[in-house]
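Peer 1: Let me begin by handing over the structure; questions about it come next.
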Amino acid sequence: MIGIFDSGIGGLTVVRALMKALPGYDMLYFGDTARTPYGTKSADTISAYAVQNSKFLIQRGARVIVVACNTASSVAMASLRRRISVPIFEVVTPAVSAAIEVSSGGRIGVIGTRATINSGIYERKLKALQPDVRVYSAACPLLVPLVEEGWFSQPETARIVKKCLLPLKVRQIDTLILACTHYPLLKAVIRRKAGRRVQIIDSSLCLASAVHAHLQADPLLDGRLGRCGRFTVYVSDITAQFRNIARQTLHRRVALQPAGF
Ligand code: DGL
């Protein structure tokens, strides 16, 4: 079973991408709806949550952990690698590689939560791959609640996206990394406001491709993952809103199970 966790609803964009890349694989999702958002919390708190979430998924049969959450991937990987013994996939590295690959002029923008942007991890990893790359980052904390409210195409959303992207547009970025699980749900408006010349890197798609490539190269691990098309969703707080957005994101009804913490 592939175990995936996120701070809440946004990680379903990663599930959607994984279902496309790895059809039929059994998946177990945990959305930490009771403790979301992570992006405003400290690295220590996010790391403690990430370890607890991973242990929960492993207890329920996960053989690999996919950290869908950009915030957890940015600040919690050291704790996870110390405390969790199954293979762990994070979202930052594949998005960074994809951005370097497609960037035409080496001017890369990154948008994410405050914790992700303040961690500086995208900048460090981008520069490690290509030292002369220019990285311009912007925390966009207002975009997460807009997605959680299902405001995908309201005019107010377009205005806020425009304002968020302005500091990056003036730097004439050629590539923009969507470094948050929620942002793919705003991809149409982000693309429109970023402009046609800007390549959009959807970190959920990059992560799904990385997991797919890894499993192809590791048949032993691949063989340990079930393929009965089972999909179970646990949440730490069950809400009608989660159910609605989950249905819109995955185009199917999703039965929610209480995680019990
Ligand atoms: N899931 C988080 C991420 O990808 C966004 C929401 C939050 O702040 O918890 O960074």
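Peer 1: For the range 191-205, name all the residues that are touching a residue at least 12 places away in the same chain (Cβ under 8 Å), under 26 Å from VAL67 (Cβ atoms) and charged (D, E, K, R).
Peer 2: ASP202
Peer 1: While we're looking at this one, here's another question. Return the only residue of GLN154, GLN172, GLN130 being touching a Lys or Arg at 6+ places or on another chain (Cβ under 8 Å) and surrounded by fewer than 18 Cβ atoms within 10 Å (Cβ to Cβ).
Peer 2: Answer to the selection: GLN172.
Peer 1: If you go through the range 33-45 one residue at a time, do you hit one that is aliphatic (A, V, I, L, M) and surrounded by 24 or more Cβ atoms within 10 Å (Cβ to Cβ)?
Peer 2: Initial filter on the range 33-45 (aliphatic (A, V, I, L, M)): 34, 43.
Subset that is surrounded by 24 or more Cβ atoms within 10 Å (Cβ to Cβ): none.
Scanning the range 33-45, I find no residue that is aliphatic (A, V, I, L, M) and surrounded by 24 or more Cβ atoms within 10 Å (Cβ to Cβ), so the answer is no.
Peer 1: Right, another one. Return the residues of the range 181-190 that are touching a strand residue (DSSP E or B) at 6+ places or on another chain (Cβ under 8 Å), touching a residue at least 24 places away in the same chain (Cβ under 8 Å) and more than 25 Å from ILE88 (Cβ to Cβ); say none if nothing qualifies.
Peer 2: ILE190, the sole residue that qualifies.
Peer 1: On to the next question. Does THR113 satisfy the criteria of being at pLDDT 95 or above and touching a Pro at 6+ places or on another chain (Cβ under 9 Å)?
Peer 2: yes
Peer 1: Give the residue, chosen from LEU168, LEU178, that is touching a residue at least 40 places away in the same chain (Cβ under 8 Å) and within 12 Å of THR113 (Cα to Cα).
Peer 2: Result: LEU178 is the single residue among LEU168, LEU178 that is touching a residue at least 40 places away in the same chain (Cβ under 8 Å) and within 12 Å of THR113 (Cα to Cα).
Peer 1: Hey, can you tell me all the residues within the range 100-122 that are within 16 Å of the ligand (Cβ to nearest atom), part of a helix (DSSP H, G or I) and not aromatic (Phe, Trp, Tyr)?
Peer 2: ARG114, ALA115, THR116, ILE117, ASN118, SER119, ILE121, listed by residue number.
Peer 1: Now for a different question. With respect to ALA139, determine if the residue is crowded, with 16+ Cβ neighbours inside 10 Å and under 23 Å from GLU101 (Cα atoms).
Peer 2: Taking the combined requirement at face value, the residue does not satisfy it.
Peer 1: Please count how many residues of the range 178-201 are away from the ligand (no atom under 12 Å from the Cβ) and not in a helix (DSSP H, G or I).
Peer 2: So the count comes out to 7.
Peer 1: Could you count how many residues in the range 61-99 are more than 16 Å from the ligand (Cβ to nearest atom) and assigned to a loop (DSSP other than H, G, I, E, B)?
Peer 2: Residues in the range 61-99 being more than 16 Å from the ligand (Cβ to nearest atom) and assigned to a loop (DSSP other than H, G, I, E, B): 7 in total.
Peer 1: Considering only the range 30-60, how many residues are in a helix (DSSP H, G or I) and not β-branched (Val, Ile, Thr)?
Peer 2: So the answer is 13.
Peer 1: Still on this model: I'd like the full set of residues that are assigned to a helix (DSSP H, G or I) and either in contact with a helix residue (DSSP H, G or I) (Cβ under 8 Å, 6 or more places away or on another chain) or surrounded by 12 or more Cβ atoms within 10 Å (Cβ to Cβ) (or both), limited to the range 220-247. Before the answer, list the steps.
Peer 2: Initial filter on the range 220-247 (assigned to a helix (DSSP H, G or I)): 220-223, 240-247.
Matches in the range 220-247: LEU221, ASP222, GLN241, PHE242, ARG243, ASN244, ILE245, ALA246, ARG247.
Peer 1: Under 17 Å from ILE173 (Cβ atoms), more than 12 Å from the ligand (Cβ to nearest atom) and of a type in the set (D, E, K, R) - does that describe any residue in the range 129-147?
Peer 2: Yes, the range 129-147 has at least one match.
Peer 1: Quick check on my filter: what residues within the range 1-29 are assigned to a loop (DSSP other than H, G, I, E, B) and either more than 9 Å from the ligand (Cβ to nearest atom) or touching a Lys or Arg at 6+ places or on another chain (Cβ under 6 Å) (or both)?
Peer 2: Once the filter is applied, which keeps residues that are assigned to a loop (DSSP other than H, G, I, E, B) and either more than 9 Å from the ligand (Cβ to nearest atom) or touching a Lys or Arg at 6+ places or on another chain (Cβ under 6 Å) (or both), the range 1-29 yields MET1, LEU22, PRO23, GLY24, TYR25, ASP26.
The values are calculated or read from the model by the stated rules, or taken from the named source; none is laboratory data. In this text, all values refer to a predicted model and were calculated from it rather than measured experimentally. Note that each Cβ is placed from the backbone with ideal geometry, even for glycine, and that neighbours are counted across all protein chains shown.
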